[in-house]
Amino acid sequence: MGLIELFTAALIAGISCINTALPAFAAVRSGERRFAALVAANAVLALLGGLWTWGQLPLSPPSWVVAPEPVLGLVLLVAALFLVSTLWPRSS
């Protein structure tokens, strides 16, 4: 239960929630299913981030919601790469 783990888990949840919006708008506008897959992937990462944030709070959470630092770092990298891939401008 450290502040670094809590901050990393909350950052994963926040980045993933933000990154869900743009593919959701694109899925509604274009109707392409690949955008729905991005929305689902980011929603799962947001859910994991929320669970791991709960696991870092001093509320005596169950042991299965506590994630070690290497796992949090790796998932934060994946969430950041999802964000970069979504925001990268389209080349013409």
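What follows is calculated from the coordinates using simple rules that are stated; it is not laboratory data. Computed from a prediction, not measured in an experiment: that's the story for all the values here. Every residue, glycine among them, receives a Cβ derived from its backbone with ideal geometry; neighbour counts consider all protein chains shown.
Structure summary
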read-out: Kirkwood hydrodynamic radius of the stretch 42-92, Cα pairs, Å; value: 12.3 Å
read-out: Those residues of the stretch 1-26 whose amide nitrogen sits under 14 Å from the label point placed on residue 47, 7 Å along Cα→Cβ; value: 17
read-out: Where the Cα pairs of the chain fall when distances are cut into 10 Å bins, in %; value: 18, 44, 25, 12, 2, 0
